[in-house]
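Before any comments, here is the structure.
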Amino acid sequence: MKNLRGKWLALLCLLPFALFFVAFQIAPLILVAINSFKTSEGWGIGNFTAAFSSPFYLQAIKHSLEVAFWSSFFGIAIAIIGSYSLRQIDSKLRDFVMAFANMTSNFAGVPLAFAFIILLGFNGALTILLKQLGIIEDFNLYSKTGLIVLYTYFQIPLGVMLLYPAFDALRVDWRESASLLGASNWQFWRHIGLPVLMPALLGTFVILLANALGAYATVYALTTGNFNILPIRIAAMVSGDIFLDTNMASALAMILVGLMTLITLVHQWILRRSYHVSR
């Protein structure tokens, strides 16, 4: 009876969270999914057909995937090096870097866009300095390359915070044992280090992809909505900057959800495959 009361008490404490989750996560998603099948002619898949047959919307999907993938790739690569390096330094410096990463992971939106304009805009301080040193000839912050650089910046702190605890799984005696058996650094990371870290690496990469795919405020503040990616297109149709079409916006939002679902399924498949191989 005591265990049963404890379970009911736990469920009762969970109820507010469950109501909040249903009201602000599940219900809006269902409403968006329903609206995505509404057209001016009735119900159907006309919005999805129009989205996948329009070069304009296909370009938005392509740009979103390219910016999200490359910023996540560069972000996680730098985060891996940073997280591993943090394990080797003094604890006070490590605590400072982690606190700084926690702060900068929330530095996004308009302030981040403004900071990058000052640094890397056409007349930015860093842009002018690099030109004078002959390192670059020209750099366009408002292009796809510029957005990848901008996105990579706010991906790195998040990647470090997610990957840093994963390095606790690598025990020091594993490295020493591998060295005693004649394994090189590459062999240790190839056969021991990377397989152990792989679930955390893949999970972090998926989170970074989701973070980049859904980013809106930063790219809007930087380009004032002139760069064609899915969040910009969705917001334009909802706010009515060009024309109001909430049903098409819902269809584009479901395409964005579908892309993330596909990425998550591939992530789970790779994890299951690597688990079976390791066994």
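The values are calculated or read from the model by the stated rules, or taken from the named source; none is laboratory data. From a predicted model like this one, the values you see are computed outputs, not experimental measurements. Glycine gets a Cβ as well: all are built from the backbone with ideal geometry, and neighbour counts include every protein chain shown. For accessibility, only protein heavy atoms count, side chains too; no ligands or nucleic acids. Shrake-Rupley method; radii C 1.70, N 1.55, O 1.52, S 1.80 Å.
Numbers for the structure displayed
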quantity	calculated
Of (i) 16.9; (ii) 23.8; (iii) 22.8, the label for mean projected area of the Cα convex hull in nm² derived from the coordinates	(iii)
Spatial extent of segment 143-232: Rg and Dmax, with the Cα atoms as the point set, Å	18.5, 58
Relative packing of peptides 253-261, 73-81 - highest average C-beta neighbours within 10 Å first	73-81, 253-261
Given charges at Cβ of Lys, Arg, Asp, Glu: the chain dipole, positive-most of Phe107, Gly182, Gly146	Gly182
Accessible surface, 1.4 Å probe, highest first, among residues Arg5, Arg175	Arg5, Arg175
Segment 1-93 - Rg (one decimal) and Dmax (whole number), Cα, Å	23.6, 66
Helical mean residue ellipticity (222 nm; -39500 (n - 2.57) per DSSP H run of 4+; nearest 500) of the chain	-24000 deg cm²/dmol
Neighbourhood net charge (15 Å Cβ-Cβ; Lys/Arg +1, Asp/Glu -1) for Asp138	+1
